[in-house]
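Have a look at the structure below, then the notes.
The values are calculated or read from the model by the stated rules, or taken from the named source; none is laboratory data. Computed from a predicted structure; not experimentally measured. So basically every Cβ, Gly included, is an ideal-geometry build from the backbone, and we count neighbours across all protein chains shown.
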Amino acid sequence: MSLKISYVQPRSLASKAGIKKGDRIISINSMPINDFYDLEYYSNDYLLDFELLDNDGKIKSITIQRVNGKTLGIEPEPHNVRTCHNHCIFCFVDQMPPKMRASLYIKDDDYLFSYVFGNYITLNNLAPADLKRIVDQHISPLYVSVHTIDPVLRQQMMRCKENYDIVKDLRELSQKGIEFHFQIVAIPGYNCGEKLEETLTILLDKSIAALSIGIVPVGLTGFREHLTPLSSFNSELALETLKIIDKFREISPIVYGSDELFHLSGIPIPEAEYYGDFPQLENGIGMICLTLMNYQKKRKSFIKELNKTGGDFLLLTSSLANSTLQEIADDLNNHLNQARVRVQSIQNDYFGGFVSVSGLITASDIIKQVKLFPQESIILPENIFNPDGLTLDDMSQLELRNQLQAPMLLVDPYFEDWEWI
(Lines give C-alpha, C1' and ligand atoms only; values in the text may rest on other atoms or scores of the structure.)
Protein backbone atom coordinates (compact mmCIF):
# COMPACT_ATOMS: atom_id res chain seq x y z
CA MET A 1 0.00 0.00 0.00
CA SER A 2 1.02 3.61 -0.54
CA LEU A 3 -0.42 7.10 -0.78
CA LYS A 4 -0.39 9.01 -4.06
CA ILE A 5 0.44 12.71 -3.99
CA SER A 6 -2.01 14.85 -5.96
CA TYR A 7 -0.28 18.21 -5.41
CA VAL A 8 2.91 19.65 -3.94
CA GLN A 9 2.74 23.28 -2.87
CA PRO A 10 5.39 25.49 -4.51
CA ARG A 11 8.29 26.53 -2.27
CA SER A 12 7.16 24.10 0.43
CA LEU A 13 9.54 21.78 2.27
CA ALA A 14 8.43 18.86 0.12
CA SER A 15 8.88 20.80 -3.13
CA LYS A 16 12.39 21.94 -2.18
CA ALA A 17 13.29 18.36 -1.23
CA GLY A 18 12.29 17.07 -4.68
CA ILE A 19 8.96 15.43 -3.91
CA LYS A 20 6.67 15.71 -6.93
CA LYS A 21 3.03 15.36 -7.89
CA GLY A 22 2.30 11.73 -8.76
CA ASP A 23 4.89 10.31 -6.38
CA ARG A 24 3.64 7.62 -4.03
CA ILE A 25 4.64 7.72 -0.38
CA ILE A 26 5.52 4.21 0.74
CA SER A 27 6.71 5.07 4.24
CA ILE A 28 7.85 7.84 6.57
CA ASN A 29 10.48 6.88 9.14
CA SER A 30 9.83 3.24 8.20
CA MET A 31 6.10 3.53 9.03
CA PRO A 32 3.77 2.57 6.14
CA ILE A 33 1.61 5.39 4.74
CA ASN A 34 -1.79 4.33 3.43
CA ASP A 35 -4.02 7.39 3.77
CA PHE A 36 -4.20 11.07 4.68
CA TYR A 37 -4.28 10.35 8.41
CA ASP A 38 -1.11 8.24 8.29
CA LEU A 39 0.57 11.12 6.47
CA GLU A 40 -0.53 13.63 9.10
CA TYR A 41 0.24 11.34 12.03
CA TYR A 42 3.73 10.23 10.98
CA SER A 43 4.94 13.52 9.49
CA ASN A 44 4.99 15.35 12.82
CA ASP A 45 8.52 14.27 13.72
CA TYR A 46 11.45 16.69 13.45
CA LEU A 47 13.32 14.53 10.90
CA LEU A 48 11.36 12.70 8.20
CA ASP A 49 12.84 9.91 6.08
CA PHE A 50 10.55 9.40 3.07
CA GLU A 51 10.53 6.29 0.90
CA LEU A 52 8.71 7.07 -2.34
CA LEU A 53 7.84 5.49 -5.66
CA ASP A 54 8.15 8.00 -8.51
CA ASN A 55 6.22 8.19 -11.78
CA ASP A 56 8.82 6.02 -13.50
CA GLY A 57 8.41 3.24 -10.95
CA LYS A 58 11.71 3.93 -9.22
CA ILE A 59 12.17 3.92 -5.45
CA LYS A 60 13.70 7.09 -4.03
CA SER A 61 14.64 8.14 -0.51
CA ILE A 62 14.31 11.74 0.65
CA THR A 63 14.98 13.26 4.05
CA ILE A 64 13.17 16.39 5.20
CA GLN A 65 13.96 18.38 8.31
CA ARG A 66 10.84 20.09 9.63
CA VAL A 67 11.06 23.84 10.20
CA ASN A 68 8.73 25.79 12.47
CA GLY A 69 6.28 27.86 10.44
CA LYS A 70 7.06 26.01 7.21
CA THR A 71 4.42 23.75 5.71
CA LEU A 72 5.32 20.28 4.49
CA GLY A 73 3.21 21.05 1.43
CA ILE A 74 1.95 17.60 0.46
CA GLU A 75 -1.67 17.19 -0.61
CA PRO A 76 -2.63 13.52 -0.98
CA GLU A 77 -5.15 12.04 -3.37
CA PRO A 78 -8.80 12.09 -2.18
CA HIS A 79 -9.53 9.60 0.55
CA ASN A 80 -11.31 6.41 -0.47
CA VAL A 81 -14.21 6.65 1.96
CA ARG A 82 -15.32 3.46 3.65
CA THR A 83 -18.98 2.83 3.07
CA CYS A 84 -21.54 1.20 5.32
CA HIS A 85 -22.37 -2.48 4.93
CA ASN A 86 -25.47 -2.27 7.09
CA HIS A 87 -29.00 -1.87 5.75
CA CYS A 88 -30.65 0.10 8.53
CA ILE A 89 -34.43 0.24 8.41
CA PHE A 90 -34.25 3.98 9.12
CA CYS A 91 -31.32 4.94 6.85
CA PHE A 92 -31.92 8.48 5.57
CA VAL A 93 -29.94 7.83 2.38
CA ASP A 94 -32.44 5.13 1.38
CA GLN A 95 -35.20 7.74 1.71
CA MET A 96 -33.61 10.34 -0.53
CA PRO A 97 -35.51 11.61 -3.56
CA PRO A 98 -34.27 10.16 -6.88
CA LYS A 99 -31.98 11.83 -9.42
CA MET A 100 -29.90 13.86 -6.99
CA ARG A 101 -26.09 14.09 -7.35
CA ALA A 102 -24.28 10.80 -6.71
CA SER A 103 -22.34 12.02 -3.67
CA LEU A 104 -25.58 12.38 -1.68
CA TYR A 105 -26.19 8.62 -1.86
CA ILE A 106 -22.85 7.60 -0.32
CA LYS A 107 -23.29 5.79 3.00
CA ASP A 108 -20.20 6.80 4.94
CA ASP A 109 -19.01 4.53 7.75
CA ASP A 110 -15.38 5.67 7.93
CA TYR A 111 -13.72 5.92 11.34
CA LEU A 112 -11.20 8.50 10.05
CA PHE A 113 -14.03 10.79 8.95
CA SER A 114 -15.70 10.16 12.30
CA TYR A 115 -12.65 11.52 14.10
CA VAL A 116 -11.86 14.36 11.67
CA PHE A 117 -15.37 15.56 10.74
CA GLY A 118 -17.61 14.17 13.50
CA ASN A 119 -19.44 11.76 11.18
CA TYR A 120 -21.30 9.01 13.02
CA ILE A 121 -20.17 5.44 12.42
CA THR A 122 -21.59 2.09 13.54
CA LEU A 123 -18.37 0.20 14.49
CA ASN A 124 -19.96 -2.88 12.88
CA ASN A 125 -17.65 -2.73 9.87
CA LEU A 126 -14.31 -2.57 11.72
CA ALA A 127 -11.76 -5.36 11.44
CA PRO A 128 -9.35 -6.22 14.29
CA ALA A 129 -6.61 -4.31 12.43
CA ASP A 130 -8.82 -1.20 12.41
CA LEU A 131 -9.44 -1.44 16.15
CA LYS A 132 -5.70 -1.83 16.73
CA ARG A 133 -4.94 1.24 14.62
CA ILE A 134 -7.53 3.32 16.46
CA VAL A 135 -5.74 2.50 19.70
CA ASP A 136 -2.16 2.77 18.36
CA GLN A 137 -2.77 6.19 16.75
CA HIS A 138 -5.21 7.27 19.45
CA ILE A 139 -7.94 8.15 16.96
CA SER A 140 -10.22 9.71 19.54
CA PRO A 141 -12.90 10.82 20.13
CA LEU A 142 -15.09 8.80 17.77
CA TYR A 143 -18.73 9.55 17.00
CA VAL A 144 -20.72 6.33 17.19
CA SER A 145 -24.32 5.44 16.31
CA VAL A 146 -25.41 3.01 18.99
CA HIS A 147 -29.24 3.07 18.78
CA THR A 148 -29.50 0.16 21.21
CA ILE A 149 -27.19 -2.06 23.24
CA ASP A 150 -29.49 -5.08 22.76
CA PRO A 151 -27.61 -7.19 20.15
CA VAL A 152 -30.73 -8.83 18.76
CA LEU A 153 -32.66 -5.57 18.46
CA ARG A 154 -29.64 -3.78 17.00
CA GLN A 155 -29.28 -6.44 14.32
CA GLN A 156 -33.01 -6.14 13.58
CA MET A 157 -32.78 -2.34 13.27
CA MET A 158 -29.52 -2.22 11.34
CA ARG A 159 -29.93 -5.45 9.40
CA CYS A 160 -26.24 -6.22 9.71
CA LYS A 161 -25.02 -9.62 8.58
CA GLU A 162 -23.54 -10.67 11.90
CA ASN A 163 -24.68 -10.33 15.49
CA TYR A 164 -22.26 -7.68 16.77
CA ASP A 165 -21.59 -6.98 20.44
CA ILE A 166 -20.96 -3.24 20.38
CA VAL A 167 -20.70 -2.98 24.17
CA LYS A 168 -17.69 -5.34 24.21
CA ASP A 169 -15.76 -3.18 21.73
CA LEU A 170 -16.77 0.06 23.46
CA ARG A 171 -15.48 -1.22 26.77
CA GLU A 172 -12.21 -2.52 25.31
CA LEU A 173 -11.56 0.70 23.40
CA SER A 174 -12.47 2.79 26.46
CA GLN A 175 -10.01 0.84 28.58
CA LYS A 176 -7.31 1.80 26.06
CA GLY A 177 -8.07 5.52 26.16
CA ILE A 178 -10.57 5.99 23.31
CA GLU A 179 -13.54 8.28 24.05
CA PHE A 180 -16.92 8.55 22.37
CA HIS A 181 -19.79 10.82 21.42
CA PHE A 182 -22.89 8.64 21.02
CA GLN A 183 -26.02 8.98 18.92
CA ILE A 184 -29.28 7.16 19.46
CA VAL A 185 -31.84 7.44 16.66
CA ALA A 186 -35.09 6.72 18.49
CA ILE A 187 -37.72 4.80 16.50
CA PRO A 188 -41.26 4.28 17.82
CA GLY A 189 -41.93 0.61 18.49
CA TYR A 190 -38.24 -0.32 18.51
CA ASN A 191 -35.76 1.36 20.86
CA CYS A 192 -37.84 3.87 22.82
CA GLY A 193 -39.18 3.63 26.38
CA GLU A 194 -37.64 0.80 28.40
CA LYS A 195 -35.20 -0.07 25.61
CA LEU A 196 -33.88 3.50 25.64
CA GLU A 197 -33.45 3.32 29.41
CA GLU A 198 -31.50 0.05 29.09
CA THR A 199 -29.19 1.62 26.50
CA LEU A 200 -28.56 4.78 28.53
CA THR A 201 -27.84 2.72 31.65
CA ILE A 202 -25.04 0.83 29.88
CA LEU A 203 -23.59 3.82 28.02
CA LEU A 204 -23.32 5.78 31.28
CA ASP A 205 -21.49 2.95 33.01
CA LYS A 206 -17.97 3.94 34.08
CA SER A 207 -16.50 1.19 31.89
CA ILE A 208 -17.45 3.20 28.78
CA ALA A 209 -15.74 6.55 28.07
CA ALA A 210 -18.80 8.51 26.98
CA LEU A 211 -18.36 12.23 26.34
CA SER A 212 -21.94 12.87 25.20
CA ILE A 213 -25.09 10.97 24.31
CA GLY A 214 -27.60 12.53 21.92
CA ILE A 215 -31.12 11.20 21.36
CA VAL A 216 -32.81 12.23 18.11
CA PRO A 217 -36.16 11.13 16.70
CA VAL A 218 -36.09 9.12 13.50
CA GLY A 219 -36.21 11.23 10.33
CA LEU A 220 -38.71 10.06 7.73
CA THR A 221 -39.26 11.41 4.24
CA GLY A 222 -42.01 10.84 1.69
CA PHE A 223 -39.83 8.38 -0.23
CA ARG A 224 -40.24 5.15 1.74
CA GLU A 225 -41.86 2.94 -0.86
CA HIS A 226 -40.71 -0.69 -0.45
CA LEU A 227 -38.95 0.21 2.83
CA THR A 228 -39.80 -1.09 6.31
CA PRO A 229 -42.93 0.70 7.58
CA LEU A 230 -41.99 3.06 10.41
CA SER A 231 -43.95 5.49 12.56
CA SER A 232 -42.84 9.05 13.17
CA PHE A 233 -42.62 10.67 16.60
CA ASN A 234 -45.67 12.39 18.01
CA SER A 235 -45.88 14.91 20.84
CA GLU A 236 -46.74 12.28 23.46
CA LEU A 237 -43.72 10.09 22.66
CA ALA A 238 -41.45 13.15 22.45
CA LEU A 239 -42.56 14.19 25.95
CA GLU A 240 -42.05 10.65 27.28
CA THR A 241 -38.57 10.52 25.75
CA LEU A 242 -37.59 13.88 27.25
CA LYS A 243 -38.71 12.63 30.67
CA ILE A 244 -36.41 9.61 30.28
CA ILE A 245 -33.57 11.93 29.25
CA ASP A 246 -34.19 14.15 32.29
CA LYS A 247 -34.11 11.08 34.53
CA PHE A 248 -30.68 10.10 33.25
CA ARG A 249 -29.39 13.67 33.28
CA GLU A 250 -29.71 13.43 37.07
CA ILE A 251 -27.07 10.71 36.82
CA SER A 252 -24.95 12.52 34.22
CA PRO A 253 -25.48 15.81 32.35
CA ILE A 254 -23.95 14.40 29.14
CA VAL A 255 -27.33 13.08 27.93
CA TYR A 256 -29.12 15.45 25.55
CA GLY A 257 -32.39 15.58 23.69
CA SER A 258 -32.49 17.00 20.18
CA ASP A 259 -34.12 20.33 19.38
CA GLU A 260 -36.80 18.45 17.46
CA LEU A 261 -37.89 16.57 20.59
CA PHE A 262 -38.52 19.87 22.36
CA HIS A 263 -40.30 21.23 19.28
CA LEU A 264 -42.60 18.18 19.07
CA SER A 265 -43.37 18.12 22.80
CA GLY A 266 -44.06 21.84 23.05
CA ILE A 267 -41.46 22.24 25.80
CA PRO A 268 -39.32 25.40 25.47
CA ILE A 269 -35.74 24.96 24.31
CA PRO A 270 -33.45 24.80 27.39
CA GLU A 271 -30.97 27.49 28.36
CA ALA A 272 -27.28 27.18 27.44
CA GLU A 273 -26.41 25.43 30.71
CA TYR A 274 -28.29 22.36 29.49
CA TYR A 275 -25.91 21.86 26.57
CA GLY A 276 -22.54 22.25 28.29
CA ASP A 277 -20.01 22.94 25.55
CA PHE A 278 -22.53 22.00 22.81
CA PRO A 279 -20.84 18.70 21.87
CA GLN A 280 -23.55 17.56 19.41
CA LEU A 281 -24.43 20.65 17.41
CA GLU A 282 -24.06 18.80 14.10
CA ASN A 283 -26.67 16.36 15.36
CA GLY A 284 -29.27 19.11 15.77
CA ILE A 285 -28.77 19.34 19.51
CA GLY A 286 -28.50 22.89 20.84
CA MET A 287 -28.62 24.67 17.48
CA ILE A 288 -31.62 26.82 18.38
CA CYS A 289 -30.17 27.79 21.74
CA LEU A 290 -26.81 28.73 20.22
CA THR A 291 -28.50 30.70 17.44
CA LEU A 292 -30.35 32.82 20.01
CA MET A 293 -27.20 33.26 22.08
CA ASN A 294 -25.14 34.42 19.13
CA TYR A 295 -27.90 36.66 17.84
CA GLN A 296 -27.83 38.53 21.15
CA LYS A 297 -24.07 38.96 20.80
CA LYS A 298 -24.27 40.08 17.16
CA ARG A 299 -27.60 41.93 17.16
CA LYS A 300 -26.16 45.48 17.12
CA SER A 301 -23.93 44.79 14.13
CA PHE A 302 -26.70 42.84 12.38
CA ILE A 303 -29.21 45.66 12.91
CA LYS A 304 -26.61 48.08 11.53
CA GLU A 305 -26.18 45.81 8.49
CA LEU A 306 -29.92 45.78 7.77
CA ASN A 307 -30.36 49.51 8.40
CA LYS A 308 -27.75 50.49 5.83
CA THR A 309 -29.30 48.28 3.14
CA GLY A 310 -32.68 49.93 2.69
CA GLY A 311 -35.92 48.13 1.95
CA ASP A 312 -37.63 45.33 3.84
CA PHE A 313 -36.61 41.71 4.45
CA LEU A 314 -38.08 38.24 4.15
CA LEU A 315 -36.42 35.82 6.57
CA LEU A 316 -36.72 32.20 5.37
CA THR A 317 -36.52 29.29 7.77
CA SER A 318 -37.64 25.73 8.43
CA SER A 319 -40.68 24.71 10.44
CA LEU A 320 -38.42 23.57 13.30
CA ALA A 321 -36.80 27.00 13.71
CA ASN A 322 -39.84 29.09 12.77
CA SER A 323 -40.74 30.28 16.28
CA THR A 324 -37.10 31.09 17.06
CA LEU A 325 -36.66 33.16 13.91
CA GLN A 326 -39.98 34.91 14.58
CA GLU A 327 -38.61 35.89 17.99
CA ILE A 328 -35.51 37.32 16.30
CA ALA A 329 -37.63 39.12 13.68
CA ASP A 330 -39.80 40.69 16.39
CA ASP A 331 -36.71 42.02 18.11
CA LEU A 332 -35.32 43.36 14.82
CA ASN A 333 -38.59 45.11 14.05
CA ASN A 334 -38.40 46.89 17.39
CA HIS A 335 -34.97 48.31 16.59
CA LEU A 336 -34.73 48.85 12.82
CA ASN A 337 -35.10 52.44 11.65
CA GLN A 338 -37.71 51.94 8.94
CA ALA A 339 -37.27 48.44 7.49
CA ARG A 340 -39.46 45.53 8.46
CA VAL A 341 -38.64 41.83 8.70
CA ARG A 342 -41.20 39.13 8.11
CA VAL A 343 -40.66 35.38 8.54
CA GLN A 344 -41.73 32.57 6.23
CA SER A 345 -41.37 28.88 7.00
CA ILE A 346 -40.56 26.77 3.93
CA GLN A 347 -42.52 23.53 3.68
CA ASN A 348 -40.15 20.77 2.57
CA ASP A 349 -42.20 19.34 -0.29
CA TYR A 350 -39.02 18.12 -2.00
CA PHE A 351 -38.60 15.44 0.68
CA GLY A 352 -42.30 14.71 0.91
CA GLY A 353 -43.33 17.27 3.51
CA PHE A 354 -42.06 15.51 6.63
CA VAL A 355 -38.60 17.05 7.05
CA SER A 356 -38.41 20.10 9.33
CA VAL A 357 -34.72 21.14 9.47
CA SER A 358 -33.21 24.11 7.63
CA GLY A 359 -30.22 22.21 6.24
CA LEU A 360 -32.50 20.20 3.93
CA ILE A 361 -34.40 23.13 2.40
CA THR A 362 -34.13 23.07 -1.39
CA ALA A 363 -34.05 25.82 -3.99
CA SER A 364 -37.09 24.43 -5.77
CA ASP A 365 -39.24 24.70 -2.62
CA ILE A 366 -38.02 28.25 -2.01
CA ILE A 367 -38.80 29.32 -5.59
CA LYS A 368 -42.26 27.73 -5.52
CA GLN A 369 -43.29 29.10 -2.13
CA VAL A 370 -41.72 32.54 -1.85
CA LYS A 371 -43.73 35.59 -2.90
CA LEU A 372 -41.63 38.69 -2.42
CA PHE A 373 -43.03 42.10 -1.64
CA PRO A 374 -41.63 45.10 -3.56
CA GLN A 375 -38.12 46.21 -2.46
CA GLU A 376 -37.74 43.13 -0.26
CA SER A 377 -34.43 41.34 0.25
CA ILE A 378 -34.11 37.72 1.38
CA ILE A 379 -32.38 36.45 4.51
CA LEU A 380 -31.78 32.71 4.49
CA PRO A 381 -29.67 30.14 6.36
CA GLU A 382 -26.27 29.50 4.82
CA ASN A 383 -26.48 25.77 5.56
CA ILE A 384 -28.90 25.14 2.71
CA PHE A 385 -25.76 25.27 0.54
CA ASN A 386 -22.89 22.77 0.58
CA PRO A 387 -19.19 23.85 0.62
CA ASP A 388 -19.38 24.22 -3.18
CA GLY A 389 -22.26 26.68 -2.85
CA LEU A 390 -24.92 24.28 -4.17
CA THR A 391 -28.33 23.38 -2.74
CA LEU A 392 -29.42 19.76 -2.44
CA ASP A 393 -31.17 20.12 -5.80
CA ASP A 394 -27.99 21.51 -7.40
CA MET A 395 -28.73 25.22 -7.65
CA SER A 396 -25.94 27.69 -6.98
CA GLN A 397 -26.24 30.77 -4.79
CA LEU A 398 -26.14 33.08 -7.82
CA GLU A 399 -28.73 31.04 -9.70
CA LEU A 400 -31.10 31.16 -6.74
CA ARG A 401 -30.63 34.90 -6.37
CA ASN A 402 -31.31 35.40 -10.07
CA GLN A 403 -34.40 33.18 -9.94
CA LEU A 404 -35.81 35.19 -7.04
CA GLN A 405 -34.62 38.48 -8.51
CA ALA A 406 -33.72 39.82 -5.09
CA PRO A 407 -30.55 40.36 -3.03
CA MET A 408 -29.80 37.49 -0.64
CA LEU A 409 -28.18 37.74 2.77
CA LEU A 410 -26.75 34.36 3.80
CA VAL A 411 -26.57 33.98 7.58
CA ASP A 412 -24.50 31.34 9.33
CA PRO A 413 -26.90 28.87 11.04
CA TYR A 414 -25.43 29.81 14.42
CA PHE A 415 -25.60 33.53 13.66
CA GLU A 416 -21.84 33.94 13.77
CA ASP A 417 -21.45 35.65 10.40
CA TRP A 418 -23.29 36.73 7.23
CA GLU A 419 -22.60 37.84 3.67
CA TRP A 420 -24.55 39.30 0.74
CA ILE A 421 -24.96 37.43 -2.52
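Run Leu242 past the list (1) among the aliphatic types (A, V, I, L, M); (2) over 23 Å from the mean Cα position of the chain (by Cα); (3) part of a helix (DSSP H, G or I); (4) under 30 Å from Asp349 (Cβ atoms) and report the number of the one that doesn't hold.
(2)
Looking for whichever is surrounded by fewer than 20 Cβ atoms within 10 Å (Cβ to Cβ), touching a Ser or Thr at 6+ places or on another chain (Cβ under 8 Å) and among the aliphatic types (A, V, I, L, M) here; the options are Ile106, Ile134. Which one fits?
Selected residue: Ile106, the only one of Ile106, Ile134 that is surrounded by fewer than 20 Cβ atoms within 10 Å (Cβ to Cβ), touching a Ser or Thr at 6+ places or on another chain (Cβ under 8 Å) and among the aliphatic types (A, V, I, L, M).
Check off (1) touching a Ser or Thr at 6+ places or on another chain (Cβ under 8 Å); (2) crowded, with 21+ Cβ neighbours inside 10 Å; (3) among the hydroxyl-bearing types (Ser, Thr, Tyr) for Ser265 and give me the number that stays unchecked.
(2) is the only condition that Ser265 fails.
Please find, among Leu409, Leu392, the residue that is in a loop (DSSP other than H, G, I, E, B), buried (at least 19 other Cβ atoms within 10 Å of the Cβ), touching a residue at least 12 places away in the same chain (Cβ under 8 Å) and in the same structural domain as Gly359 (by TED's automatic domain parsing).
Residue meeting the stated conditions: Leu392.
Find the residue count for segment 4-58, including only residues that are assigned to a loop (DSSP other than H, G, I, E, B), of a type in the set (Asp, Glu) and either in the same structural domain as Arg133 (by TED's automatic domain parsing) or under 35 Å from the mean Cα position of the chain (by Cα) (or both).
The initial filter retains those residues of segment 4-58 that are assigned to a loop (DSSP other than H, G, I, E, B), namely 9-12, 18-23, 29-30, 33-35, 43-46, 54-58.
Then keep just the ones that are of a type in the set (Asp, Glu); that gives 23, 35, 45, 54, 56.
After this cut, where a residue has to be either in the same structural domain as Arg133 (by TED's automatic domain parsing) or under 35 Å from the mean Cα position of the chain (by Cα) (or both) as well, the list is 23, 35, 45.
The qualifying residues number 3.
Which fully enclosed helices (runs of 4 or more DSSP H) of segment 90-181 have 3 or more residues being within 30 Å of Thr391 (Cα to Cα) and assigned by TED's automatic domain parsing to the domain that holds Pro217?
111-117
For segment 210-220, state whether one or more residues are assigned to a helix (DSSP H, G or I) and either more than 19 Å from Leu153 (Cβ to Cβ) or touching a helix residue (DSSP H, G or I) at 6+ places or on another chain (Cβ under 6 Å) (or both).
Taking segment 210-220 as the starting set, the residues that turn out to be assigned to a helix (DSSP H, G or I) are none.
Among the residues of segment 210-220, not one is assigned to a helix (DSSP H, G or I) and either more than 19 Å from Leu153 (Cβ to Cβ) or touching a helix residue (DSSP H, G or I) at 6+ places or on another chain (Cβ under 6 Å) (or both), which makes the answer no.
What do you reckon, is Asn191 closer than 29 Å to Val135 by Cβ, part of a loop (DSSP other than H, G, I, E, B), assigned by TED's automatic domain parsing to the domain that holds Ser114 and touching a residue at least 40 places away in the same chain (Cβ under 8 Å)?
Taking the combined requirement at face value, the residue satisfies it.
Being over 26 Å from Gln95 (Cβ atoms) and outside any loop (DSSP other than H, G, I, E, B) is the filter here, so list the residues in segment 329-357 that pass it.
Ala329, Asp330, Asp331, Leu332, Asn333, Val341, Arg342, Val343
Look through segment 248-267, keep the residues that are without any contact (Cβ under 8 Å) to a residue 40 or more places away in the chain and assigned to a helix (DSSP H, G or I), and return whichever of them is farthest from Ser212 (Cα to Cα).
Step by step, filter segment 248-267, then rank; the result is Ser265.
List pairs: first residue in segment 227-239 and at positive phi and in a loop (DSSP other than H, G, I, E, B), second residue of a type in the set (D, E, K, R) and loosely packed, with under 13 Cβ neighbours inside 10 Å anywhere in the structure, Cβ distance under 9 angstrom, at least six positions apart or on different chains.
none
Please tell me if Phe373 is modelled with pLDDT under 95, assigned to a loop (DSSP other than H, G, I, E, B), farther than 21 Å from Phe302 by Cα and touching a helix residue (DSSP H, G or I) at 6+ places or on another chain (Cβ under 7 Å).
Working: modelled with pLDDT under 95: yes; assigned to a loop (DSSP other than H, G, I, E, B): yes; farther than 21 Å from Phe302 by Cα: yes; touching a helix residue (DSSP H, G or I) at 6+ places or on another chain (Cβ under 7 Å): no.
Taking the combined requirement at face value, the residue does not satisfy it.
Filter segment 326-360 down to the residues that are without any contact (Cβ under 8 Å) to a residue 60 or more places away in the chain, buried (at least 19 other Cβ atoms within 10 Å of the Cβ) and under 30 Å from Phe223 (Cβ atoms) and list them by number.
Result: Val343, Ser345, Ile346, Asn348, Ser358, Leu360.
Taking the residues in segment 307-325 that are crowded, with 16+ Cβ neighbours inside 10 Å and over 25 Å from the mean Cα position of the chain (by Cα) as candidates, determine which candidate is nearest to Lys368 (Cα to Cα).
By that ranking, first place goes to Leu314.
Which of the residues that make up segment 273-320 are hydrophobic (A, V, I, L, M, F, W, C), in contact with an Asp or Glu (Cβ under 8 Å, 6 or more places away or on another chain) and assigned to a loop (DSSP other than H, G, I, E, B)?
Residues satisfying the conditions are Ile285, Leu320.
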